[in-house]
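A quick write-up on the structure given underneath.
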Amino acid sequence: MDKQLEKLISLHDLDVMIADLNRKDIRKRETEMGLHAEGALEELKELREAFCKNINRKWRGLYNQLTRHYGNAVVPALMGRCAGCLTRLPTAICSDPDRNLKIHTCPTCGRIIYWAD
């Protein structure tokens, strides 16, 4: 798999974890159980900042733009479709055995797609 693609997928996972820790209902539940998410939240944000420095500026910019627009910038391709907009992807991309060796975007929504075969 392309290294930049792996980093973008990991960045997306970090953003999902940060968003989960920011949800008030989860924070309230964790406080009731005696857990404190503040330390974990700050640690994840620091990790995200450090991680962003290792991602190509072009792809980081696209990622940030797509995240602002859609909420999720990186989505898997499932059964030949973009999991973001459900559009059928071109056969040439789907049938390529090396499709994860470079970064592809959905021709319809522009999200970064990957195959988790």
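The Cys residues in the chain with no partner Cys Cβ within less than 4.7 Å of their Cβ are 52, 94. Mind checking which of 18, 103, 93 has the largest fluctuation in a GNM of the chain, springs on alpha carbons under 10 Å? Fluctuation is largest for 93. Of the residues 107, 52, 83, the one whose Cα sits farthest toward the positive end of the charge dipole of the chain, with +1 on the Cβ of Lys and Arg and -1 on the Cβ of Asp and Glu, is 107. For the stretch 3-114, the relative contact order is 26 percent, taking Cα pairs closer than 8 Å that sit 6 or more residues apart in sequence and dividing their mean separation by the residue count. Annotation for the stretch 47-117: trypsin sites (Lys or Arg not before Pro) lying in DSSP loop with at most 12 further Cβ atoms inside 10 Å of their Cβ are 53, 102. Placing a pseudo-label 7 Å from each Cα along the Cα-to-Cβ vector at residue 65 and residue 3 gives an inter-label distance of 2.5 nm.
FYI, it's all coordinate maths here, none of it is from the lab. Predicted model only: the values in this text are computed from it and were never measured. Neighbour counts run over all protein chains shown; Cβ positions are idealised from the backbone, glycine included.
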